[in-house]
């Protein structure tokens, strides 16, 4: 495919998606040529019904031309940065995106607004739809119901040349400070040899400003989504994760803004937290996880909270669910549970709130809104370690590392396994079956539960519930 043909096809694709207007055609065409270092020739757009259904092949051709012209280094990382530069040219400005988003929100409701932002993020290849489609996924029947198993193949592998360049690079102060900072919007990215280290390009990222707990936050979608409309809300301030009254308030504000989405947070301590503890953020989306369908096996009340219904959820992790139509009382009740859990120790089941001054207990919260009813699920977490389990007593134990060794974060707490690509080869070689992987993941979640589903664990959990 000739460069001018590829550029024409990509620009017509952008027109068909509403990313640009017909009067933008020549401008967009020339901007694409500029990205790849091509001088022309200029296409005359006399026919506007040409190829426009897809962007992947023309984008590939343009990137290869840009590499041949020396616009980026000949690596996977270089190609990705050039692709995002090209798509960024065709992406509407942040102010325009925000204006359309909030106009739709006011005129048609929150779902119309998020539908627009999500579709835009897919159209400009920020959400890597074709890459995500490579992931493997199935449901696995377990004693806890059907768990969702995914083998993550969508994130690109590291190019050995990028790895080598990173090893030679000096370490400098980083900008943006992390991949969740709002300063990523429009950022050109940098290669592995850069003094600040490798960072992905984000010219096609659009973040809609929102307010949570009277603070400025941003809403975007995950480029390598694990579930339907996997969104991220992040503070505009680069500050550490924290689970407290402020975090619970943000979760409640979010479901008031977007009642069709759930929202949750990773825990704020190592081992039981997620992969990024350095930036305050939440994850949500339009998905019903296995935990949300779990049976409520016991109910409880809390003194001083007459409008709160409390439930013990039948789930491998230890989950208490609070429900109410009274938002403020639910907030107070969630804070009460958190405060009580942070101070709770029970040696009979290996739970220790502190080692010296080091805290071990925290919560992974998940919030939904069902009609006018708020639902706050609180997964109790403890990151204590031992000689037998140096990576964590309530972390995947060593006999399950062949399937899962990493932290059990928010998504997996809710019953979706995010497993490494190496397992595909294990399955193909017959060393692991889908059924075995599902069984092990269920057992991994059991490892993460602070109160086991045996007599001792049930008694310990009800002692804690009784203390509330």
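The values are calculated or read from the model by the stated rules, or taken from the named source; none is laboratory data. Since the structure is predicted, the reported quantities are computational estimates derived from the model, not experimental observations. With ideal geometry, Cβ positions are generated from the backbone for all residues, glycine too; neighbour counts draw on all protein chains shown.
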Going by the conditions given, is residue 438 closer than 16 Å to residue 149 by Cβ and out of contact with any helix residue (DSSP H, G or I) (no Cβ under 8 Å at 6 or more places or on another chain)? yes
Identify all residues within segment 391-449 that are free of Cβ contacts under 8 Å to residues at least 40 places away in the same chain and buried (at least 22 other Cβ atoms within 10 Å of the Cβ); write none if there are none. 412
Which ones in segment 299-328 are in a strand (DSSP E or B), without any contact (Cβ under 8 Å) to a residue 60 or more places away in the chain and in contact with a strand residue (DSSP E or B) (Cβ under 7 Å, 6 or more places away or on another chain)? 299, 301, 307, 308, 309, 311, 321, 322, 323, 324
Exactly one of (1) in contact with a helix residue (DSSP H, G or I) (Cβ under 7 Å, 6 or more places away or on another chain); (2) crowded, with 18+ Cβ neighbours inside 10 Å; (3) at pLDDT 90 or above is unmet by residue 37. Its number? (2)
Residues in segment 278-287: is at least one touching a residue at least 40 places away in the same chain (Cβ under 8 Å), in a loop (DSSP other than H, G, I, E, B), surrounded by fewer than 18 Cβ atoms within 10 Å (Cβ to Cβ) and over 10 Å from the mean Cα position of the chain (by Cα)? yes
Can you tell me which condition residue 116 does not meet? The list is (1) surrounded by fewer than 22 Cβ atoms within 10 Å (Cβ to Cβ); (2) touching a helix residue (DSSP H, G or I) at 6+ places or on another chain (Cβ under 6 Å); (3) within 20 Å of residue 32 (Cβ to Cβ), and all the others hold. (3)
Unique match (being at pLDDT below 95, assigned to a helix (DSSP H, G or I) and closer than 19 Å to residue 186 by Cα) among 88, 77: 77
Residue check, residue 107 at pLDDT 90 or above, part of a helix (DSSP H, G or I) and within 30 Å of residue 259 (Cα to Cα): yes
